Amino acid sequence: MDTPIRTSIVTGANRGLGLEFVRQLLARGDHVLAACRQPGRATDLNALAGEHPGRLHLLPLDVADARSRAAFAAELPLVLTDGVRIDLLVNNAGVLHSGERFGNLGEANLEHSFRVNAMGPLLLVQALAPLLADGAKVANLSSQLGSIAGCGRFGTPSYNISKAAQNMATALLAHALRERGIAVVALHPGWVQTEMGGEQATETATESATGLLGVIDGLGVDDSGRFLDWRGEELAW
């Protein structure tokens, strides 16, 4: 019997870890919907679309914008084959404002970080819930920097605070979707060598995405609401 083709969505798919997720999901045979703010400028994504005709669709999405989320949710049924539902949603889009110091924090960075890193994923899952398959998986890309228990210094406050809020959103979504067998988890990808992580980071995007997909594939509904790293190890909230 042929294995059904899985349908996966990746947000923030134009670069870094999001792009690597797209590559690896395509390599394993998924139908992938790659979302980013400006698909026309996503050179690498467009090249992949040319290499995988019919299996990679690029769609515009700004997770922090209500109209963009609504338009994305409205367009998905036009892209999906009749009856097809989403098997995996990777909420990867995120933002980190560097250079923040105590004494000069401003509202703009805090608000923007919250809208992108916490509010956006929560409301996107809500908007896409009718299109998620029963038994689907939702992977919210979090960070160990969002762990309150692990806080050991003052640094990147808008990022840390928004990721902590995203972790609570993950826990809440786990309860909201449990009856449908949908597992929702917060995942720390490691310190990844991307534009956000920097050249000194310890994990490559390939290593991180490979590990994360292995963790995601092993999830059951009883794992919903957990906070795990790319090796499958539990992190403290």
Among what's in segment 219-237 and is acidic (Asp, Glu) and assigned to a helix (DSSP H, G or I), pick the residue that is nearest to residue 168 (Cα to Cα). 223
Given (1) basic (Lys, Arg); (2) crowded, with 23+ Cβ neighbours inside 10 Å; (3) farther than 21 Å from residue 35 by Cα, index of the condition residue 178 fails: (2)
Positions within segment 166-218 being in a helix (DSSP H, G or I), modelled with pLDDT under 95 and over 16 Å from the mean Cα position of the chain (by Cα), in sequence order: 207
For segment 180-200, state whether one or more residues are closer than 16 Å to residue 237 by Cα, of a type in the set (Val, Ile, Thr), in contact (Cβ under 8 Å) with a residue 24 or more places away in the chain and out of contact with any strand residue (DSSP E or B) (no Cβ under 8 Å at 6 or more places or on another chain). no
I'd like the full set of residues that are closer than 7 Å to residue 91 by Cβ and touching a Gly at 6+ places or on another chain (Cβ under 9 Å), limited to segment 123-144. 141
Condition check for residue 94: within 27 Å of residue 203 (Cβ to Cβ), over 16 Å from the mean Cα position of the chain (by Cα), in a loop (DSSP other than H, G, I, E, B) and in contact (Cβ under 8 Å) with a residue 24 or more places away in the chain: no
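A quick yes/no check of all residues on (1) closer than 24 Å to residue 219 by Cβ; (2) out of contact with any Asp or Glu (no Cβ under 9 Å at 6 or more places or on another chain); (3) buried (at least 17 other Cβ atoms within 10 Å of the Cβ); (4) hydroxyl-bearing (Ser, Thr, Tyr):
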site	(1), (2), (3), (4)
129	yes, yes, yes, no
137	yes, no, yes, no
150	yes, yes, no, no
158	no, no, yes, yes
How many of the residues making up segment 80-111 are surrounded by 11 or more Cβ atoms within 10 Å (Cβ to Cβ) and within 23 Å of residue 126 (Cβ to Cβ)? 15
Keeping to segment 143-163, report how many residues are without any contact (Cβ under 8 Å) to a residue 60 or more places away in the chain and not basic (Lys, Arg). 11
Being hydroxyl-bearing (Ser, Thr, Tyr) and in a loop (DSSP other than H, G, I, E, B) is the filter here; which residues of segment 147-165 pass it? 147, 156
Where residue 27 falls short, out of the listed (1) farther than 25 Å from residue 163 by Cβ; (2) touching a residue at least 24 places away in the same chain (Cβ under 8 Å): (2)
Among the residues of segment 105-117, is there at least one that is polar (S, T, N, Q), in a helix (DSSP H, G or I) and in contact (Cβ under 8 Å) with a residue 60 or more places away in the chain? no
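The values are calculated or read from the model by the stated rules, or taken from the named source; none is laboratory data. Bear in mind that the values here come from a model prediction, so they are computed numbers and not experimental data. Positions of Cβ are generated from backbone atoms using ideal geometry, with glycine treated the same way; all protein chains shown enter the neighbour counts.
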